[in-house]
Structures are given as structure tokens and as C-alpha cells.
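Nothing in this text is a laboratory measurement; each read-out follows from the coordinates by a stated rule. Computed from a predicted structure; not experimentally measured. Cβ atoms come from the backbone with ideal geometry, glycine included; neighbour counts cover every protein chain shown.
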Amino acid sequence: MNIKLNSNFDQLSENYLFSEINKRVAKYKEYNPNRDIIKLGIGDVTLPLGKNVIEALINASCEMGKKETFRGYPPEYGYNFLKEAILKYYKRFHVDLDLNSVFISDGAKSDLGNIVDIFGDNPIYIPNPVYPVYLDSNRMSGREIYYMVGSENNNFLPLPKDNMKESSIIYLCSPNNPTGSLYNQEELKKWVDFANKNGSLIIYDSAYEAFIDDDKYPHSIYEINGAKDCAIEICSFSKQAGFTGLRCGWTIIPIELESENHKINKLWERRQATKFNGVSYPVQRAAEAALSDEGILECKNNINYYMENAKLLSNLFDEKGIYYTGGKNSPYIWFKCPNGMKSWDFFDYLLENANVVGTPGAGFGTFGEGYFRITSFNTHEKTKEAIERLKKVL
Ligand code: PLP
């Protein structure tokens, strides 16, 4: 064959983080078959879906089996019943949105990756460290990328800088994966004001907003005045309602967003109508149930379960006086490896000496080197056992 390939793929680094982790764990197990390894690297939910969600899923599936209630292709942008439930959900944060600004997706990752389709060649600003999808999807389309450095100096929350280029696309993730840190109202306002002033667009990933339990922190960027003129928000039912396996999310593109005399919302409609055929009816009904009053309570119970683990883990780092971010309003804890160890060296050290697995910070960007991520998604029992082991080796 002699066809031309997308040479931008040469710019991608090997997607080796989790495969390398699995490889190292498998090797350790081969030589130490009787050791009980505890996984605190899990970035996926572990508790089952709530009763309301399951009932809705079953009922909607039954509807699909009857002539009178069968449904074919769903609307590309989502059923109105789910979009309306999302509008109602945003009212909890005093945010009013237009029905046509809501787009239902099969999860945040797809939209975060696909949104690049509708933009031309703008400078791209991406936090480092961060969830790797922003970087890789922009690399695939050959964009010019600039990093916004996260460090202990800014608690891994980069803020706008005067030397940033005008008319850029800026990615923000709050609460952040992997650092668990999050912007407060004042900090987010700095970003919104900056973007409006220098003609930039913010892509705001709020996949973990449901973990926020403190009014100081906005759940949505639209809680900030002016955000409808400069921000797209991408969110998900994955972590909020345990939909990592069911797959559903949403994207908000305010009608107000305009550039080069085009409504960005219309461009996304056009893109989705061409390349996306919607989310299945039972899944959208399940998502609607997750946003009902009972559904929200049920989801909150699961989140509280994870957050109890996060609290126990944070206590450990407080006791040890180790620098960390997250653990509050976020399922992630990001800490500094002891004795100046590098992320992967610490991974091996922890595996050997505590039989605990986490995620090396270097896997989330160069500025993650020397840091480590653990998560609260394991059981209470396993988390407590891991803490006892960590106490001995940290
Ligand atoms: N955004 C962030 C920050 C994430 O950590 C994840 C998943 O881990 C996603 C988006 C993807 O979510 P979804 O399951 O909705 O595709």
C-alpha cells in the first residue's frame, strides 16, 4: 500500500502509562504470587449503578420491545427529556441555559477529542500535568501547543499569564485529573475575564463537578459572569452517576459563542449531525433518572463512599507532612514522592515494599515528574489496609 497517513500521529508519545503499569504489576506477581496487591491506581468507579437508574434502563429497554413505544435513531443532539433534566440540574447552581445549547454525548472523552474538528489553527494552551486527551487530540490535528505549568507554587492550578497569545483555545479541568485541585470562583473569574479580553475560548472539563462539596468552588464555569461569551463546558455521567460502562455525557455550547461571524453552536450541530448518531434511548432515560431528585441522592451516596476513602488518605498525608493536592472535592490525591524520588522509581518502591499500586505523575505530563496519583475508588477495607501499609513506607 502507498497511501499517505496522518503524519501528526508521529508526534504522539507511546500510549504506555497503563500498559506499563500492568506489565510491572504482572512481573512482580510472577515472582511473588502470594502477595495481596492493593490497587489505588483505579480511575474508574467501582460501585454499582443506583436503583433509579437501573429501573429507568429496564423500563426504557422494555419500551424498545413493543411496537407502540419502539424508537429508532435518537436525535443527534439528544432527547429533549434529558436536555431538560440537564437544564434543571444547572439551576441548582443558579445557571440558566438554553435548551439548544445542550448536546448529549456518549461521554466527555468523545467530545473533548472531537471538538477540535470545528476549529482552525489556533494556539492551544494545555495544563501540564493533566488528563492526556486534550494534548493528544490536538496533536493528532497538528496544532501548535503551549503548556501551562502546574507546580507546587500554584497548587497545580495555572492562572492566565500576560505573555499568552491572543485568540487561543485554553483547556481547563476542574476538579482536575490527576491533581484533584480545583479553581475557586475568584480564580475562575480571572480565566473568564482573560479569555473575554484576549479573544480566546475556554474548553472547560467539569467531569468531576459532582464531587464538589464546598460552595467556594463553582460546579460550572457558567456560574461566572461572562463565561457564556467565552466557554464551552464538557461534562459526564461517568463519575457523577457511575456511567463509565453505560456511556453518556453532555456538552454545553452557549448560543452566544461566536467567531468569524459564525455561531460555534451551529458548527457543532453540523459536525454532530454528520459524524454522530446519538446516544441510545435506554441510556438517555437512565441518565435522566440519575438527574431526578432521588437519582441525585443515590449518586451522592456513592460519591460520599469514595470521599470517605479520600478523607482517610488525606489524613495520612497530613499526619506525615507530605505535600499533596486533592482529596477534598475530588476523588484524586496527588502527592510528592518522598526523598526526591522520580515517579516511576516510587511506583516500583511502593509495589515492592507496600504491595500498593498507584499512577506515576510523569504519565500526565512532564511537570508531573516526581509526583504520584492515588484514587479513592477502592473499597473502604482495601483503602484502610493500603493506608496501614503506606504508613510504614512513607
Ligand atoms: N475528563 C476527565 C478529566 C477524565 O478524567 C475523564 C475520565 O477519566 C474523562 C473526561 C472522560 O469521561 P467519559 O467517561 O465521560 O468519557
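Numbers for the structure displayed
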| quantity | calculated |
| --- | --- |
| Trypsin sites (Lys or Arg not before Pro) within region 110-183: DSSP coil, no more than 16 neighbouring Cβ in 10 Å | Lys161, Lys165 |
| Coil-residue GluC sites (Glu not before Pro) of region 251-323, DSSP, other Cβ within 10 Å capped at 11 | Glu260 |
| P(r) histogram, all alpha-carbon pairs of region 134-211 included - 10 Å bins from 0, percent | 17, 51, 31, 2 |
| Rounded to 5, the percent of DSSP beta bridges in the chain classed as antiparallel | 55 |
| Extended-chain gain in nm, criterion 0.36 nm per residue less alpha-carbon gap, Glu152 and Asp36 | 38.4 nm |
| Rg(Cα) / (2.2 N^0.38 Å) computed for the chain, rounded to two decimals | 1.00 |
| Selection of GluC sites (Glu not before Pro), region 150-202, meeting DSSP coil and at most 14 other Cβ within 10 Å | Glu166 |
| Sum of -39500 (n - 2.57) over DSSP H runs of 4+, divided by residues of the chain (222 nm, nearest 500) | -12000 deg cm²/dmol |
| Charge context of Glu298, other residues only, Cβ under 15 angstrom, K/R +1, D/E -1 | -1 |
| Per-pair calculated FRET efficiency, R0 = 56 Å: Glu388 and Asn261 via Cβ, rounded to 0.05 | 0.35 |
| Global geometry of region 30-126, whether rounded, prolate or oblate, following the gyration tensor of its Cα atoms and the 1.5 cut on a/c | oblate |
| Charge sum, other residues only, whose C-beta stays under 11 Å from Arg285's C-beta, Lys/Arg counted +1 and Asp/Glu -1 | -2 |
| Inter-label distance for Tyr349 and Asn304, nm, one decimal - labels placed 7 Å from Cα along Cα-to-Cβ | 3.8 |
| Eligible lysines near Lys266 by straight Cα distance, threshold 16 Å, same-chain separation 8 or greater | Lys228, Lys275 |
| Extension gain (nm, one decimal) between Met64 and Arg92, 0.36 nm per residue minus Cα-Cα | 6.9 nm |
| DSSP loop chymotrypsin sites (Phe, Trp or Tyr not before Pro) with at most 15 other Cβ within 10 Å: longest gap in the chain | 94-322 |
| Region 117-256, Cα convex hull volume normalised per residue, Å³ | 117 |
| Formal net charge of residues neighbouring Pro129 (Cβ-Cβ distance under 11 Å; K, R +1; D, E -1) | 0 |
